[in-house]
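Worksheet: one structure, shown below.
What follows draws every value from the coordinates through simple rules; no lab data is involved. Every value quoted in this text rests on a predicted model; they were computed, and no experiment measured them. Cβ: placed from backbone, ideal geometry, glycine included. Neighbour counts: every protein chain shown.
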Amino acid sequence: MPDATTRKAVESFLAEIAQLPDGTYYVSLMATAIDDEEPQLLNQEIDRRHGVSLDEVLAVIKDWLTASV
């Protein structure tokens, strides 16, 4: 679950979603933030789930996008 510190630093999110052979889904969320110390972007995987339903995939994405700032 996201915390306010992580959410404030994030500039963008990238979600990768794939249907697995058993009909469940894989979701991976990446966050991109700006480094406070150097002029660079930082990419970090912030969540990953295997074997979840499509509803759970959408819930994971929603949790990160709507976290309290």
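Points worth noting:
- Inter-site label distance for Ser28 and Ile46 at 7 Å from Cα along Cβ, in nm: 1.7
- Backbone N under 15 Å from the Ile61 label point (7 Å along Cα→Cβ), restricted to the stretch 26-49: 26-31, 47-49
- Rh by Kirkwood over Cα pairs, then Stokes-Einstein D for the stretch 4-65 at 1.306 mPa s and 10 °C, µm²/s: 127
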